[in-house]
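Engineer: Pasting in a structure now, in structure tokens, and then I'll have a few things to ask.
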Amino acid sequence: MKTICFTLLFFLSFTLANAQGIKPYMAVLKTANGKYKGILYKVDSVNAILNHDGEFIKVPINEIKTVQIRTIKKGYKGIDLVKIGTAHPEQYKIDARGKLVDKWGKEAPSLEEEAGTAFYSVIFTALANAFALPIHAINPNLARFNFNKTDQNKLNELSYYSIYYQANPNVLAELKQLKSISTSFKR
């Protein structure tokens, strides 16, 4: 009895902690009619519901061949390799020779040097971003489901990734599943 109470208390606290962080997942559903992409909203015994740009798409479960689950990536933010221009022009002072120097005696860059730095900075930054953008665009699958025949275990696994299940988890079903797993370990 203590084990059941402890497990129930653990899952209730875990559910409350996770309710604060619902994570949407991108789903790619392939059917005989085509391919559907969107955020996986809900999975029930009849339909899988996707949210595609604010529009809900119902896809019948018996038509689904494969499902791919992916994370939603943030937009690519370019990188800056070399800063253009001096950071603080007031750090330079005129010395006895009439040249601009910093406090360590290093001369300020000339106009040609600053123009060259700006030119090469733009080129190298563009090259670096051209290589980094395709690498950022790679979005591997977190999970992949094949639906040759409707399997309740696959539907349950798929529903774990839906927003609806994350907001309203079925704690009693999870406890029953844990109990069945724990009894198999005791044997």
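The values are calculated or read from the model by the stated rules, or taken from the named source; none is laboratory data. Just so we're clear, the structure is a prediction, and the values are computed from it rather than from any experiment. In this analysis, Cβ positions are derived from the backbone assuming ideal geometry, glycine residues included, and neighbour counts consider all displayed protein chains. The protein model used for the area step is the full one, side chains on, heavy atoms only, and it has no ligands, DNA or RNA in it. Shrake-Rupley method; radii C 1.70, N 1.55, O 1.52, S 1.80 Å.
Engineer: Looking at the range 165-177, I want the residues that are within 19 Å of K23 (Cα to Cα) and have a partner that is of a type in the set (D, E, K, R) and open to solvent by 40 Å² or more (accessible area, probe 1.4 Å) with Cβ atoms under 9 Å, at least 6 apart or on another chain. Which pairs are those?
Structural biologist: If the second residue must be of a type in the set (D, E, K, R) and open to solvent by 40 Å² or more (accessible area, probe 1.4 Å), the pairs left are Y165/K42; Q166/K23.
Matching residues to (1) hydrophobic (A, V, I, L, M, F, W, C); (2) in a helix (DSSP H, G or I):
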residue: Q166; (1), (2): no, yes
residue: P169; (1), (2): no, no
residue: A173; (1), (2): yes, yes
residue: L178; (1), (2): yes, yes
residue: T183; (1), (2): no, yes
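Engineer: Could I ask something else about it? Of all residues in the range 37-79, which are open to solvent by 50 Å² or more (accessible area, probe 1.4 Å), at negative phi and not in a strand (DSSP E or B)?
Structural biologist: D44, S45, V46, N62, E63, I72, K73, K74, G75, Y76, K77, I79
Engineer: Where the second residue is assigned to a loop (DSSP other than H, G, I, E, B) and the first is without any contact (Cβ under 8 Å) to a residue 24 or more places away in the chain and lies in the range 27-39, which pairs have Cβ atoms under 8 Å and are six or more apart or on separate chains?
Structural biologist: Once the first residue is without any contact (Cβ under 8 Å) to a residue 24 or more places away in the chain and sits in the range 27-39, its partners that are assigned to a loop (DSSP other than H, G, I, E, B) give G38/D53.
Engineer: Check the range 157-168 and report whether any residue there is open to solvent by less than 60 Å² (accessible area, probe 1.4 Å), β-branched (V, I, T) and more than 19 Å from G78 (Cβ to Cβ).
Structural biologist: Yes - at least one qualifying residue is present in the range 157-168.
Engineer: Tell me, which residue of the range 135-156 that is part of a helix (DSSP H, G or I) and within 18 Å of the chain's Cα centre (by Cα) is surrounded by the most Cβ atoms within 10 Å (Cβ to Cβ)?
Structural biologist: As a first pass, look at the range 135-156 and keep what is part of a helix (DSSP H, G or I): 135-137, 152-156.
The next check asks that each one be within 18 Å of the chain's Cα centre (by Cα); those that pass are 135-137.
Values: I135: 8, H136: 13, A137: 9.
The extreme case among them is H136.
Engineer: Quick check on the range 112-129. Is at least one of its residues in a loop (DSSP other than H, G, I, E, B), exposed (fewer than 11 other Cβ atoms within 10 Å of the Cβ) and either over 38 Å from the mean Cα position of the chain (by Cα) or free of Cβ contacts under 8 Å to residues at least 24 places away in the same chain (or both)?
Structural biologist: So the first thing to find is which residues in the range 112-129 are in a loop (DSSP other than H, G, I, E, B), and the list is none.
Within the range 112-129 (the criterion being in a loop (DSSP other than H, G, I, E, B), exposed (fewer than 11 other Cβ atoms within 10 Å of the Cβ) and either over 38 Å from the mean Cα position of the chain (by Cα) or free of Cβ contacts under 8 Å to residues at least 24 places away in the same chain (or both)), the answer is no, since none of the residues qualifies.
Engineer: When the range 104-123 is examined, which residues are found to be at pLDDT 75 or above and not hydrophobic (A, V, I, L, M, F, W, C)?
Structural biologist: The answer is K106, E107, E112, E113, E114, G116, T117, Y120, S121.
Engineer: Check whether at least one residue in the range 92-99 is in a strand (DSSP E or B), exposed (fewer than 12 other Cβ atoms within 10 Å of the Cβ) and more than 26 Å from the chain's Cα centre (by Cα), and report yes or no. Give the derivation first.
Structural biologist: Our first condition is that a residue be in a strand (DSSP E or B); within the range 92-99, this holds for 93-94.
Next cut, exposed (fewer than 12 other Cβ atoms within 10 Å of the Cβ) only: 93-94.
Next, from what is left, pick out any that are more than 26 Å from the chain's Cα centre (by Cα): 93-94.
Within the range 92-99, one or more residues are in a strand (DSSP E or B), exposed (fewer than 12 other Cβ atoms within 10 Å of the Cβ) and more than 26 Å from the chain's Cα centre (by Cα).
Engineer: Sticking with this structure for a sec: Hey, can you tell me all the residues within the range 80-91 that are open to solvent by less than 100 Å² (accessible area, probe 1.4 Å) and either at pLDDT 80 or above or not in a loop (DSSP other than H, G, I, E, B) (or both)?
Structural biologist: P89, Q91
Engineer: I want to confirm something. Restricting to the range 136-169 and keeping residues that are in contact with a Ser or Thr (Cβ under 9 Å, 6 or more places away or on another chain) and polar (S, T, N, Q), which single residue is modelled with the highest pLDDT?
Structural biologist: Selected residue: N146.
Engineer: With the structure loaded, tell me whether D95 is in contact with a helix residue (DSSP H, G or I) (Cβ under 9 Å, 6 or more places away or on another chain) and either of a type in the set (A, V, I, L, M, F, W, C) or more than 30 Å from N148 (Cα to Cα) (or both) or whether it fails that test. Don't jump to the end; show me each part of the working.
Structural biologist: Values: in contact with a helix residue (DSSP H, G or I) (Cβ under 9 Å, 6 or more places away or on another chain): no; either of a type in the set (A, V, I, L, M, F, W, C) or more than 30 Å from N148 (Cα to Cα) (or both): yes.
So D95 does not fit the description; no.
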